[in-house]
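**Q** I am attaching a structure below and will ask some questions about it afterwards.
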Amino acid sequence: MDIQLHELTPEYAVATMPVAGNTQSVGILHGGAYVVIGEGLGSICANMFAGEGRVAVGIEVNATHTGSAREGFVIATCRALHLGRTLTTHEIVCTDQEGRRLSTVRLTNFIKDKK
């Protein structure tokens with residue numbers, strides 16, 4: 001999917017993904033691609049927050065697609081909404097290069113001890 005990470009902390013992350021190679025049959029970015037970049041960013045952030053000896057596992061993800069991209073790349077910006085002892089929630093906003101919102105992904109992770 002050629003996702004490139006640009007910034008990465010438990011509270012905030014930015015990544016980009018090209019439209020080319022990630023489209024559906026009608027030539028627009030596949031909706032699942034938004035979910036992939038969103039869940040990927042949110043999960044990495046949650047696992048960074050979880051810390052040594054703990055792991056974050058996804059328990060809920062949803063996405064609302066409000067636009068479509070045919071070319072260029074999308075920018076995903078992830079922000080923590082909640083960082084708790086056992087739950088994290090991140091919102092990932094995907095925009096085109098002009099800043100137009102294309103998709104909003106929300107991810108909740110459960111933090112547990114590694115076995």
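**Q** Could you grab the pairs with beta carbons closer than 6 Å, sequence gap of 6+ or different chains, first residue in region 100-115 and over 21 Å from GLU11 (Cβ atoms) and open to solvent by 30 Å² or more (accessible area, probe 1.4 Å), second one modelled with pLDDT of 95 or more and not aliphatic (A, V, I, L, M)?
**A** Filtered contacts from region 100-115: ARG100/GLY67; ASP113/ARG54; LYS114/GLY53.
**Q** In this structure, is ARG70 charged (D, E, K, R), under 11 Å from the mean Cα position of the chain (by Cα), within 18 Å of ASP96 (Cα to Cα) and modelled with pLDDT of 95 or more?
**A** Values: charged (D, E, K, R): yes; under 11 Å from the mean Cα position of the chain (by Cα): no; within 18 Å of ASP96 (Cα to Cα): yes; modelled with pLDDT of 95 or more: yes.
So ARG70 fails the test.
**Q** A follow-up question, please. How many residues are touching a Ser or Thr at 6+ places or on another chain (Cβ under 9 Å), in contact (Cβ under 8 Å) with a residue 12 or more places away in the chain and part of a strand (DSSP E or B) when one looks only at region 6-17?
**A** 4
**Q** Going through region 68-87 one residue at a time, which ones are among the β-branched types (Val, Ile, Thr) and either closer than 17 Å to ILE3 by Cβ or touching a residue at least 60 places away in the same chain (Cβ under 8 Å) (or both)? Give the steps one after another, and end with the answer.
**A** We begin by selecting, within region 68-87, every residue among the β-branched types (Val, Ile, Thr); these are 74-75, 77, 86.
VAL74, ILE75, THR77 - these are the residues of region 68-87 that are among the β-branched types (Val, Ile, Thr) and either closer than 17 Å to ILE3 by Cβ or touching a residue at least 60 places away in the same chain (Cβ under 8 Å) (or both).
**Q** May I pose another question? Just give me the residues in region 18-54 being open to solvent by 60 Å² or more (accessible area, probe 1.4 Å), part of a loop (DSSP other than H, G, I, E, B) and aliphatic (A, V, I, L, M), in sequence order.
**A** Hits for region 18-54 are ALA20, VAL26.
**Q** Name the single residue, out of those in region 55-66 being surrounded by 15 or more Cβ atoms within 10 Å (Cβ to Cβ) and under 14 Å from the mean Cα position of the chain (by Cα), that is nearest to ALA80 (Cα to Cα).
**A** It comes out as VAL61.
**Q** I've got another one for you. Answer yes if at least one residue in region 1-8 is modelled with pLDDT under 95, open to solvent by 60 Å² or more (accessible area, probe 1.4 Å) and farther than 14 Å from SER103 by Cα, and no otherwise.
**A** Here is the first cut: in region 1-8, the ones modelled with pLDDT under 95 are 1.
After this cut, where a residue has to be open to solvent by 60 Å² or more (accessible area, probe 1.4 Å) as well, the list is 1.
The next check asks that each one be farther than 14 Å from SER103 by Cα; those that pass are 1.
For region 1-8, residues modelled with pLDDT under 95, open to solvent by 60 Å² or more (accessible area, probe 1.4 Å) and farther than 14 Å from SER103 by Cα: present.
**Q** So HIS30 passes all but one of these: (1) more than 14 Å from THR108 (Cα to Cα); (2) under 12 Å from the mean Cα position of the chain (by Cα). Which condition number does it fail?
**A** (2)
The values are calculated or read from the model by the stated rules, or taken from the named source; none is laboratory data. Keep in mind the model is a prediction, meaning the values are calculated, not measured. Please note: Cβ atoms are built from the backbone with ideal geometry, for glycine as well, and neighbour counts cover all protein chains shown. What goes into the accessible areas is simple: the full protein's heavy atoms, side chains included, and nothing from ligands, DNA or RNA. Shrake-Rupley method; radii C 1.70, N 1.55, O 1.52, S 1.80 Å.
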